[in-house]
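J.: For reference, the structure I am asking about is given below.
Values in this text are rule-based calculations from the coordinates and carry no lab data. Please read all numbers here as calculations on a predicted model, not as lab measurements. Cβ atoms come from the backbone with ideal geometry, glycine included; neighbour counts cover every protein chain shown.
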């Protein structure tokens, strides 16, 4: 649906109705900017298990699903300590891990991002806080922004028992504190196989900064990250294309 959004803008321009559409577009952008300024103050996790190396090089892996993976990936690529952030699919079978099929909403897959990070530079607890405060709205069920379907659900796919405990505890903490005006719908579950998305979906935010969808929905998230978490923000993203 997010690709269709950009096509809608282009089609409207060629049809001569760009004025009306763009007025609404930029008005909505102002609302997004205002929302970022009054974003929910999300506290840090109270429970945070001390990190242990899960790979020979000392890195760890986390998987998050929070709507269209373009923005989720784009935010995490700008976080210090993140070594890679790959867009993909998880929750379903290998033979259905293709964008056109996943878009049906019937595969069990969620658009997700696999984050590989150095726990000596950024902790899982910090990634969790970013996920709930900047990356997405955890109160939207089977949707995020304009995108609808189970593939856009809010979910944390844990790769270790410690992650499972910490993520579940954090959801309970935020829920109990009524941090958000509506109930949190984020699920926490052990990770299933992760399948990298198609090449053209990788690094989309960085490679397409002028795309209407990016400007409207995802660019404000980066601005929010930079403003609210300057110690975690890095200007140059770590891109899949450079690995």
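J.: Which FRET efficiency value, to the nearest 0.05, do you get for residue 148 and residue 187 by plugging their Cβ-Cβ distance into 1/(1 + (r/R0)^6) with R0 = 22 Å?
T.: On the way: r = 17 Å, r/R0 = 0.79.
My answer for the efficiency is 0.80.
J.: Regarding the range 95-224, what whole-number volume in Å³ per residue does the convex hull of its Cα atoms give?
T.: Values: hull volume 17.1 nm³, N = 130.
Expressed per residue, the convex hull around the Cα atoms of the range 95-224 is 131 Å³.
J.: Another one. Taking the Cα-to-Cβ direction at residue 46 and at residue 94 and moving 7 Å from each Cα, how far apart do the two end points lie in nm?
T.: Between residue 46 and residue 94, the simple spin-label model gives 4.4 nm.
J.: Still on this structure: I'd like the FRET efficiency for residue 198 and residue 106, computed as 1/(1 + (r/R0)^6) with the beta carbon distance as r and R0 of 22 Å, rounded to 0.05.
T.: Working: r = 19 Å, r/R0 = 0.87.
For R0 = 22 Å, the calculated efficiency reads 0.70.
J.: Same structure, new question: Please check which bits of the range 57-92 a label hung off residue 231 would reach, taking the label as a point 7 Å along Cα-to-C-beta and the cut-off as backbone N under 20 Å.
T.: 76-83
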